[in-house]
Amino acid sequence: LLLYGPPGTGKTWLARAIGNSASIATVNASFADWQAKGHLGDMLAAMSASFAEARRLAPCVMIIDEIDAVGSRSDPDRHASNYRTQVINGFLGQMDSIAREEGVMVIGTCNNPERMDPAVLRAGRMDIRIRVPLPDAEAILAILRQHLSEDIADADLRDLSHRAVGRSAADIDAAIRAARSDARHACKVLSLGI
């Protein structure tokens, strides 16, 4: 499964929620974490270890955050193309191997699926794709109600939700936290004026 869309829309949160709602283990991974282990051999070993952990914990959800970092073998930038090809080939091998076993759901999250190698997106790999858009006014209202219904009147929350269209869930969460902090430091009750 590939969850993709603009930054801050809750793709990783949604992937974690899938595992939590099924009461199964979650293995978190990313190309950045794997690459931080060192040279190519270390990177591929770290990737292999993450997949092995997912197999060991099955049934589980394996989340590969920012999976678009896998890159593409058709990238016109020839710098490090041999490295990129080996990383992609290693990843494809891991995906094919885990697909032959039961019990591990691989969920990738990213902002830019068009940057990914077509082989990663082909049928049998990341072939189920769900776009996670920015929230509309009703979704924003639900977020605001969940966090602010005891502090701010519903009519004001409804107005605020329409004004916040175009913002991500992460933006809204940060604004709520900042408003609460400002009110706390000013020793005032949270309101639309704070």
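Using a basic spin-label model with each label point 7 Å from the Cα along Cα→Cβ, how many nm lie between His185 and Tyr83?
Rounded to a tenth, the inter-label distance reads 4.1 nm.
Between Ala178 and Ala123, with labels modelled 7 Å along Cα→Cβ, what's the label distance in nm to one decimal, could you check?
About 4.8 nm, to one decimal.
From the helices alone, meaning DSSP H stretches of at least four residues, give me the mean residue ellipticity at 222 nm for the chain, per-run term -39500 (n - 2.57), in deg cm²/dmol to the nearest 500.
After summing the helix terms and dividing by the residues of the chain, the value is -15500 deg cm²/dmol.
Please work out which option in [x] 9, 40, 40, 10, 0; [y] 10, 36, 36, 15, 3, 0; [z] 9, 29, 27, 18, 13, 4 gives P(r) over Cα pairs in 10 Å bins from 0, in percent calculated from these coordinates, and answer with its label.
Here P(r) over Cα pairs in 10 Å bins from 0, in percent agrees with entry [z].
Can you give the FRET efficiency to the nearest 0.05 for Asn112 and Arg56, using r as the Cβ-Cβ distance and R₀ = 25 Å? Working shown, then result.
Values: r = 31 Å, r/R0 = 1.25.
Calculated value: 0.20.
In whole Hz, with x marking every Gly and Pro, tabulate ³J(HN,Hα) for region 31-43 from phi via Karplus 6.51 cos²θ - 1.76 cosθ + 1.60, θ = phi - 60°.
Along region 31-43, the couplings run 5, 4, 4, 5, 5, 5, 6, x, 5, 3, x, 5, 5 Hz.
Pairs of Cα atoms under 8 Å, at least six residues apart: use those to get the relative contact order of the chain, whole percent. The partial results should precede the final answer.
Working: 276 pairs, mean separation 53.5, N = 194.
In percent, rounded to a whole number, it is 28.
Using a 1.4 Å probe over the heavy atoms of the protein chains, calculate the carbon and sulfur portion of the accessible area of region 129-192 as a whole percent.
On the way: 2180 of 4200 Å².
C and S atoms contribute 52 percent here.
Could you please report the charge total around Ala54, scoring K, R as +1 and D, E as -1 over all other residues with beta-carbon less than 13 angstrom from its beta-carbon? It would help to have the intermediate numbers written out before the result.
Numbers: positive: Arg55, Arg56; negative: Glu53, Glu101, Glu102.
Within the 13 Å Cβ shell, the charges total -1.
Roll a 1.4 Å probe over the protein chains and send me the accessible area per residue for region 33-74 in Å². Walk me through the numbers before you get to the answer.
On the way: 1880 Å² over 42 residues.
In whole numbers, region 33-74 has 45 Å² accessible per residue.
I need the phi-derived Karplus couplings for region 139-151: 6.51 cos²θ - 1.76 cosθ + 1.60, θ = phi - 60°, integer Hz, Gly and Pro marked x.
Running phi through 6.51 cos²θ - 1.76 cosθ + 1.60 with θ = phi - 60° gives 5, 5, 4, 4, 5, 4, 4, 4, 9, 10, 4, 7, 10 Hz.
Rounded to the nearest Å, what's the spacing between the alpha carbon centres of region 162-191 and region 80-146? Just the number, please.
31 Å
The values are calculated or read from the model by the stated rules, or taken from the named source; none is laboratory data. Worth saying up front: this structure is predicted, and the values here are computed from it rather than measured. Cβ coordinates were reconstructed from backbone atoms using ideal geometry, including for glycine residues, and neighbour counts include every protein chain displayed. To get the accessible areas, we keep the full protein, side chains included, count just its heavy atoms, and leave off ligands, DNA and RNA. Shrake-Rupley method; radii C 1.70, N 1.55, O 1.52, S 1.80 Å.
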